[in-house]
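This report refers to the structure that appears directly beneath it.
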Amino acid sequence: MAARKPENMDFESALAELEGLVGQLEQGELSLEQALKSFERGVQLVRAGQQRLSQAEQQVKVLMSDGDTLADFATGEESQP
């Protein structure tokens, strides 16, 4: 089965795959060719994850800038950010 493109994966799936690759590499039982392929895949997953996090950060910034004040969730009172 072909591996999914990292940019088409959700963040959690990419992170789980990355953790698995790191575990395999840490064991040191892969051939050099397998280790290089795993490393390359890991780099792709990291880049895709960083992009997703950057997008999420931008979304949060946009949402936070939509209003000048935020309501306190617990009491409903307004508070300054």
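Looking at ARG52, is it open to solvent by 80 Å² or more (accessible area, probe 1.4 Å), closer than 16 Å to GLU17 by Cβ and modelled with pLDDT of 85 or more?
yes
Restricting the first residue to region 17-45 and requiring it to be within 16 Å of ARG4 (Cβ to Cβ) and in a helix (DSSP H, G or I), which pairs with a second residue that is charged (D, E, K, R) and open to solvent by 50 Å² or more (accessible area, probe 1.4 Å) meet a Cβ separation below 9 Å and a spacing of at least six or different chains?
Cβ pairs passing all conditions: GLU17/ARG4; ARG41/GLU17; GLY42/GLU17; GLN44/LYS5; GLN44/GLU7; LEU45/GLU17.
The values are calculated or read from the model by the stated rules, or taken from the named source; none is laboratory data. No experiment lies behind these values; they were computed from the predicted model shown. Backbone-built Cβ (ideal geometry, glycine too); neighbour counts: all protein chains shown. These accessible areas exclude ligands, DNA and RNA; they are computed on the full protein's heavy atoms, side chains included. Shrake-Rupley method; radii C 1.70, N 1.55, O 1.52, S 1.80 Å.
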